[in-house]
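**Student:** Input: one structure, supplied below.
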């Protein structure tokens, strides 16, 4: 049945299914589907292995050092991954798009200034920036968002600028100018709608980058503050015990891997659908 | 004597171009349009012809105030276009409209036909929704489209229909002057004549004037009252259409006409004048008359040193060539 409809024939069923199971459903419904409270420790059930490795269905993915249910913690961790990537990407895309539009439309010294700003943000190591900020204010949710915005806005600014440069020379823009449309109107009604696809595709492709970034920051202890069960923190928790109690790090790591992989596959597919011209960003 | 709708006075446009990248000191100057003076009366059609790169499109862009001239003036109804501000600029924007060459590029793919056609009115005039709809319907009807097609997007139309949409959006504010930049050359040959007839009907109905930029002589012969021939940014000959075709004076005009395919090949085929070489770069035009290195009637000495002045050689016939001076 799916084959009849072109859109569905190439629908990426597997990546979408993985994303739903690992990221989206847990992010919204963890409270109801998680078997245990992610913060409650059961000191009589510490370091229980997962089902099939000597554990029981009480703790399907085992427990950590304090006897907390790994499955519940991973499910609750999804909302940090999703929340950070959504908020960070939306903010980064807005900042990058606005500056990219200004840069590409006005050109001149404004363009040079904004593009050099992009170069600078690309040259600064994001982890170092996060370390410095964390040293000043302590790790927090908003700090992660700031770092994410800092890292990704430049991709949006560059891509949007390039598209704007080509759009502003199109005949329909000249026609709008002949009709008397103002610069603001031209940018918002003529240029922005015609580059919206690019922005959407780019945003999707950035989700993987952001989730990895958030996990790395949390792993280093400068991301989401403890005791929240962010995936990066979970991986870090199991680090010292990785030889004897491998499941503590493995399952959150797997969650990160599956999420990023699916998101990237989805982004690629979306790019092919929306913009066959843009094969690489 | 009434004021002409359009008057160009010594219009010149140069482009500064870097020739060797950002750090190079070598700069070049492209003389895209050089000292062009012309007038166009109400209700008349003027065609600008010439090879690619002769400055036709730059000239058209200056007429539309998309590009400021380096020097000289564009006067529309006696008003210098460069000095317009506020309400006089809004009046200019409804008075002068354009139709571009490629109807695939000149309509935003993300806007509905209604919004495309209504744009000039939306931007310049305060109208009620009902009035706006009525004007859009009227404009669509007069270009041969149906009012209900206003709900569609441009990609749902064929090339000829898209050009009709572009024309509808140009005429909705009832302009007095329309700049047509190669209005039919992107269209199938089979629908060109329909579109040209549409332009003629619109002219009869609204009494507007046209400036047509074209390189197709057939189009210009059919549409234009007068023809201005350009070569390397300069006007070489301006004359009524019949005179240009029957009695071209400038050697470049002769060559241009003889390159066109004759209607009856066996009978009409005169010996074609073959120009040698390429159009020289407008960054480094030849000395004297820019056409002299390729001219088949070159006068030794004079043509390579003096720039010929445009002069009248008949009523409404001007030519810039040393053959006709002194």
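The values are calculated or read from the model by the stated rules, or taken from the named source; none is laboratory data. In this text the structure is predicted, and so the values were computed from the model without any measurement. In this analysis, Cβ positions are derived from the backbone assuming ideal geometry, glycine residues included, and neighbour counts consider all displayed protein chains.
**Student:** Could you go through segment A:54-61 and let me know if any residue there is part of a loop (DSSP other than H, G, I, E, B) and either under 19 Å from residue A:226 (Cα atoms) or touching a helix residue (DSSP H, G or I) at 6+ places or on another chain (Cβ under 6 Å) (or both).
**Tutor:** Start the filter on segment A:54-61 by keeping residues that are part of a loop (DSSP other than H, G, I, E, B), which leaves A:54, A:56-61.
From the residues that got through so far, the ones that are either under 19 Å from residue A:226 (Cα atoms) or touching a helix residue (DSSP H, G or I) at 6+ places or on another chain (Cβ under 6 Å) (or both) too are A:60-61.
Within segment A:54-61, one or more residues are part of a loop (DSSP other than H, G, I, E, B) and either under 19 Å from residue A:226 (Cα atoms) or touching a helix residue (DSSP H, G or I) at 6+ places or on another chain (Cβ under 6 Å) (or both).
**Student:** Further, regarding this structure: Which one of these is more than 9 Å from every other protein chain (Cβ to nearest Cβ), part of a loop (DSSP other than H, G, I, E, B) and without any contact (Cβ under 8 Å) to a residue 24 or more places away in the chain: B:132, B:127? Show your work before the answer.
**Tutor:** Details: B:132 fails: part of a loop (DSSP other than H, G, I, E, B).
None of the others qualify; the one that does is B:127.
**Student:** Sticking with this structure for a sec: Being under 9 Å from the mean Cα position of the chain (by Cα) and closer than 27 Å to residue A:51 by Cα is the filter here, so list the residues in segment A:64-96 that pass it.
**Tutor:** Correct list: A:81 only.
**Student:** Oh, and also: Just one of (1) out of contact with any strand residue (DSSP E or B) (no Cβ under 9 Å at 6 or more places or on another chain); (2) under 17 Å from residue A:35 (Cα atoms); (3) free of Cβ contacts under 8 Å to residues at least 24 places away in the same chain trips up residue A:86, so point out which.
**Tutor:** (2)
**Student:** Only one of (1) within 21 Å of residue B:46 (Cα to Cα); (2) in contact (Cβ under 8 Å) with a residue 12 or more places away in the chain; (3) within 12 Å of chain A (Cβ to nearest Cβ) is not met by residue B:78, so which one is it?
**Tutor:** (3)
Here is a yes/no grid of residues against (1) under 16 Å from the mean Cα position of the chain (by Cα); (2) more than 27 Å from residue B:202 (Cβ to Cβ):
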site: B:40; (1), (2): yes, no
site: B:44; (1), (2): yes, no
site: B:48; (1), (2): yes, no
site: B:52; (1), (2): yes, yes
site: B:62; (1), (2): yes, no
site: B:71; (1), (2): no, yes
site: B:81; (1), (2): no, no
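**Student:** Kindly indicate whether any position in segment B:29-40 is within 14 Å of another protein chain (Cβ to nearest Cβ), buried (at least 19 other Cβ atoms within 10 Å of the Cβ), at pLDDT 90 or above and under 26 Å from residue B:308 (Cα atoms). Before the answer, list the steps.
**Tutor:** Kept after step one, since they are within 14 Å of another protein chain (Cβ to nearest Cβ), are these residues of segment B:29-40: none.
Checked segment B:29-40: no residue is within 14 Å of another protein chain (Cβ to nearest Cβ), buried (at least 19 other Cβ atoms within 10 Å of the Cβ), at pLDDT 90 or above and under 26 Å from residue B:308 (Cα atoms).
**Student:** Please determine, by comparing only the residues of segment B:92-110 that are touching a strand residue (DSSP E or B) at 6+ places or on another chain (Cβ under 7 Å) and in a loop (DSSP other than H, G, I, E, B), which one is farthest from the other protein chains (Cβ to nearest Cβ). Even if it seems obvious, please write down each step before you answer.
**Tutor:** Let us first name the residues in segment B:92-110 that are touching a strand residue (DSSP E or B) at 6+ places or on another chain (Cβ under 7 Å), namely B:92, B:95-101.
Checking the rest, the ones that are also in a loop (DSSP other than H, G, I, E, B) come to B:100-101.
Working: B:100: 4, B:101: 8 Å.
The residue in question is B:101.
**Student:** Are any residues in segment B:135-172 part of a loop (DSSP other than H, G, I, E, B), surrounded by fewer than 17 Cβ atoms within 10 Å (Cβ to Cβ) and within 14 Å of chain A (Cβ to nearest Cβ), and if so, which ones? Step through it out loud before you land on a result.
**Tutor:** Keep residues of segment B:135-172 that are part of a loop (DSSP other than H, G, I, E, B), which gives B:143-146, B:152-153, B:157-158, B:172.
Filter once more, so that each one left must be surrounded by fewer than 17 Cβ atoms within 10 Å (Cβ to Cβ): B:144, B:146, B:152-153, B:158.
B:153, the sole residue that qualifies.
**Student:** Quick one: residue A:15 ticks every box in (1) over 21 Å from residue A:233 (Cβ atoms); (2) buried (at least 23 other Cβ atoms within 10 Å of the Cβ) bar one, so which box is it?
**Tutor:** Unmet condition: (2).
**Student:** Please indicate, with yes or no, whether at least one residue in segment B:42-60 is within 14 Å of another protein chain (Cβ to nearest Cβ) and over 26 Å from residue B:260 (Cβ atoms).
**Tutor:** No, segment B:42-60 has no match at all.
**Student:** Residue by residue through segment B:135-152, note down the ones that are over 21 Å from residue A:178 (Cβ atoms) and touching a residue at least 24 places away in the same chain (Cβ under 8 Å). If you could, list the steps in order and put the result at the bottom.
**Tutor:** Step one: of segment B:135-152, the residues over 21 Å from residue A:178 (Cβ atoms) are B:137, B:141, B:144, B:146-149, B:151-152.
Passing the criteria: B:144, B:149, B:151, B:152.
**Student:** Then there is this: Go through B:89, B:66 for me and flag whichever is at the interface with chain A (Cβ under 10 Å from one of its Cβ atoms), surrounded by fewer than 17 Cβ atoms within 10 Å (Cβ to Cβ), closer than 30 Å to residue B:32 by Cβ and under 17 Å from the mean Cα position of the chain (by Cα).
**Tutor:** Details: B:89 fails: under 17 Å from the mean Cα position of the chain (by Cα).
Testing whether each residue is at the interface with chain A (Cβ under 10 Å from one of its Cβ atoms), surrounded by fewer than 17 Cβ atoms within 10 Å (Cβ to Cβ), closer than 30 Å to residue B:32 by Cβ and under 17 Å from the mean Cα position of the chain (by Cα) leaves just B:66.
**Student:** Return the total of residues in segment A:229-259 being in contact with a helix residue (DSSP H, G or I) (Cβ under 7 Å, 6 or more places away or on another chain) and either under 16 Å from residue A:216 (Cβ atoms) or buried (at least 24 other Cβ atoms within 10 Å of the Cβ) (or both).
**Tutor:** Keep residues of segment A:229-259 that are in contact with a helix residue (DSSP H, G or I) (Cβ under 7 Å, 6 or more places away or on another chain), which gives A:229-239, A:241-242, A:247-249, A:251-253, A:255-256, A:258-259.
Going one step further and asking which of them are either under 16 Å from residue A:216 (Cβ atoms) or buried (at least 24 other Cβ atoms within 10 Å of the Cβ) (or both), we end up with A:229-239, A:248-249, A:252-253, A:255-256, A:259.
Of the residues in segment A:229-259, 18 are in contact with a helix residue (DSSP H, G or I) (Cβ under 7 Å, 6 or more places away or on another chain) and either under 16 Å from residue A:216 (Cβ atoms) or buried (at least 24 other Cβ atoms within 10 Å of the Cβ) (or both).
**Student:** OK, next. Going through A:35, A:49 one at a time, which residue ends up being farther than 30 Å from residue A:167 by Cβ and touching a residue at least 40 places away in the same chain (Cβ under 8 Å)? Before the answer, list the steps.
**Tutor:** Details: A:35 fails: touching a residue at least 40 places away in the same chain (Cβ under 8 Å).
When all the criteria are applied, what remains is A:49.
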